[in-house]
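J.: I have a structure here, written as structure tokens, and I will follow up with some questions on it.
Values in this text are rule-based calculations from the coordinates and carry no lab data. Since the structure is predicted, the reported quantities are computational estimates derived from the model, not experimental observations. Using ideal geometry, Cβ is built from the backbone for each residue, glycine included, and neighbour counts are taken over all protein chains shown.
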Amino acid sequence: MHENDADGRTCQLPAADGDRRTSDFRALLGGRLIGRARVADGVRWILRAGQGVEAESHRLASSESRCRDGIRFHVVREGDHIVWRISGPPSARATLDAYYALPALVQTDDGAAALWATLADQRPREA
């Protein structure tokens, strides 16, 4: 299990890192995403488990959690599935909406660019 909360002060993911993130999510989700849903406090993705899927999910969740406005990433294996639960407070609704859209948006370069720009706009600002 992996769970991590953003610290709300700094962002470790540069906006210019979008190409690598796009590639990483394409590789993880391609042919493995079997479902996604909006849940009361966020988003759930269900992936087909396979070699390296759980470890890569933990790595990406840890990376994404570095600069999100109270967003929590919880990755757990449930039988033959890897389940991502991405949750946060009501004030983070725009960020959660972006994560709901992520599996579809990263499939095209234009969609991915729009996604990373949206998430960059949702980063916490330093006081």
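J.: Could you work out how far apart the two model spin labels at V39 and T108 are, taking each label as a point 7 Å from the Cα in the direction of the beta carbon, and quote it in nm?
T.: For the pair V39/T108, the computed spacing is 3.0 nm.
J.: What spacing in nm lies between the two simple spin-label points modelled at A55 and S91, each 7 Å away from Cα in the Cβ direction?
T.: 3.8 nm
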